[in-house]
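Notes to accompany the following structure.
The values are calculated or read from the model by the stated rules, or taken from the named source; none is laboratory data. Remember, predicted model here, so these are calculated numbers, not experimental data. Here the Cβ positions follow ideal geometry from the backbone for every residue, glycine too, while neighbour counts run over all protein chains shown.
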Amino acid sequence: MTIDSHIHFYMIANPQELVDALDMTGCAYGNLVATNSNYIASHTIDNLYAKHYTKGRFYCYGALDSTLYYDRRNMGERMVEHVKDLMECGCDGIKMLEGKPSARKRLPIPDFDDPLFEPYWDYMEKNLIPIVWHVNDPEEFWSDELVPDWARRSGWYYGEGDWVNNEDQYRQIDNVLKRHPNLQITFAHFYFLSAQLDRLSKIMDSCPNVGVDITPGIELFTNLSKNIEEARKFFIKYQDRIYYGTDIARDEEEDLEYEIEDSKIRGKLCHDFLMKDKVFIKGDERSLLGKDDLDINGLALEKDVYEKILSGNFIRVNGDKPKEVDVKKVLIEIEKEKNRNRFLAKKQGKEPDLHILDFCEDYFKKQL
């Protein structure tokens, strides 16, 4: 069985497309990881709607309340209350995009080791609530000499201007983990340390609940391929804390369906890398990989090891079935989310965008 632990959903999509993406990539279940956005507080309600609509095919990790970064009074305590609300609504965990450089630039997020966050970390650790956390991006995105042209064109060169420094973020998180070593965190995209396995090993040796997922990032697979024997040793040693995920998504700014070929290629890349000693992916302009072919080494793991990565580890942390969505609790949360959107719109000098929340509210009212 395969569970895709890292899928994105935005309300321009039809939830049936999510089911199709699961079926195309051979997954029994998926996990929707909600994000905050440029124009609304978060996509948590969208994801809870998709979770309910698809009748048991998806887990859901909700996003934190981004308005708290503007109004920081008792920020950590209020963040805890928000997490409690999300878990009562039917969320299975929390997704944090807060470590992505664009999120740090867009939102006035305090440093993660700031005392403002402390009640949140303390609560999450004591209650072992799982977190999927995107921290940084590939390290070459901070280098003028090494950043790929496609990343530069996408606005992902962070070596100039007021972007957060990746090493400073790693320092902040090291401090958090020293204070809270039992946090149940999965760092997305291998924590962008696929070229520094010794460094990642030290973190995982110190923190028994820290794991990583293998969501592409092409650099993840090419870095591991270059040192495949060391990579294989790493996967075997930490086989209980590595998670399958594809990062299948649909551009929230464009009215496009989930790209069929990209979904297939992502699934094939992740599966083949775990199971085979050689991996060849034909280039396709519609996919993450682009038009160039990918020809790399694979791990060729034993079945009992890759089965843990494909689903066993996720089930151990999240249970063998998604939590039920509590419709009444979601309706209460929708009203709070509308107020958050109004707050953000006022900050931006815009009218609040509530049409998605209104749609979801109508849907959930009909379920009563």
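Only residues that are part of a strand (DSSP E or B) and among the β-branched types (Val, Ile, Thr) were counted across the range 170-221, and they come to 3. For the range 126-138, the criterion of being closer than 25 Å to Asp85 by Cβ and assigned to a helix (DSSP H, G or I) is met by at least one residue.
List the residue pairs whose Cβ atoms are under 7 Å apart, where the first residue sits in the range 164-188 and is more than 24 Å from Tyr244 (Cβ to Cβ), the second is β-branched (Val, Ile, Thr), and the two are 6 or more positions apart or on different chains. That search, which allows pairs on different chains as well, returns Gln169/Val135. Scanning the range 10-33 for residues that are part of a loop (DSSP other than H, G, I, E, B), closer than 14 Å to Gly245 by Cα and in contact with an Asp or Glu (Cβ under 7 Å, 6 or more places away or on another chain) returns Thr25, Cys27. Considering the range 340-368, the residues that are aliphatic (A, V, I, L, M) and part of a helix (DSSP H, G or I) include one that is farthest from Asp71 (Cα to Cα), namely Ile356. All but one of (1) on the phi < 0 side of the Ramachandran plot; (2) crowded, with 17+ Cβ neighbours inside 10 Å hold for Gly90; state the number of the condition that does not hold. Among (1) on the phi < 0 side of the Ramachandran plot; (2) crowded, with 17+ Cβ neighbours inside 10 Å, the lone unmet condition for Gly90 is (1). Could you give me the residue pairs with C-beta distances under 9 Å whose first residue belongs to the range 105-125 and is without any contact (Cβ under 8 Å) to a residue 40 or more places away in the chain, whose second residue is part of a loop (DSSP other than H, G, I, E, B) and surrounded by fewer than 17 Cβ atoms within 10 Å (Cβ to Cβ) wherever it lies, and which are 6+ apart or on separate chains? Listed by first residue and then by second, the contacts come to Pro108/Tyr70; Pro108/Arg72. Filtered by the rule that a residue be in a loop (DSSP other than H, G, I, E, B), of a type in the set (A, V, I, L, M, F, W, C) and closer than 17 Å to Asn318 by Cβ, the range 84-117 gives a lone residue, Cys91.
With respect to (1) at pLDDT below 95; (2) within 19 Å of Leu22 (Cβ to Cβ), the lone exception for Ile281 is condition (2).
Each residue in the range 142-152 was checked for being without any contact (Cβ under 8 Å) to a residue 24 or more places away in the chain and within 23 Å of the chain's Cα centre (by Cα), and 4 of them qualify. Applying the criterion of being basic (Lys, Arg) and touching a helix residue (DSSP H, G or I) at 6+ places or on another chain (Cβ under 8 Å) to the residues of the range 324-368, the residue that is farthest from Thr44 (Cα to Cα) is Lys365.
Residues of the range 222-264 that are assigned to a helix (DSSP H, G or I) and either modelled with pLDDT under 95 or among the acidic types (Asp, Glu) (or both): Thr222, Glu229, Glu230, Ile260, Glu261, Asp262, Ser263, Lys264.
Hey, could you check the range 28-42 for residues that are modelled with pLDDT of 95 or more and out of contact with any Gly (no Cβ under 6 Å at 6 or more places or on another chain) and say which is surrounded by the most Cβ atoms within 10 Å (Cβ to Cβ)?
The extreme case among them is Val33.
Being surrounded by fewer than 22 Cβ atoms within 10 Å (Cβ to Cβ), assigned to a helix (DSSP H, G or I) and in contact (Cβ under 8 Å) with a residue 24 or more places away in the chain is a property that Glu81 lacks.
Residue count for the range 149-197 satisfying the condition of being in contact with a helix residue (DSSP H, G or I) (Cβ under 9 Å, 6 or more places away or on another chain), of a type in the set (Asp, Glu) and modelled with pLDDT of 95 or more: 2. Would you confirm whether any residue within the range 34-49 is assigned to a loop (DSSP other than H, G, I, E, B) and of a type in the set (Asp, Glu)? Within the range 34-49 (the criterion being assigned to a loop (DSSP other than H, G, I, E, B) and of a type in the set (Asp, Glu)), the answer is no, since none of the residues qualifies. Can you pull out every residue in the range 313-328 that is surrounded by fewer than 17 Cβ atoms within 10 Å (Cβ to Cβ) and either of a type in the set (Lys, Arg) or part of a helix (DSSP H, G or I) (or both)? Passing the criteria: Ile315, Arg316, Lys321, Lys328.
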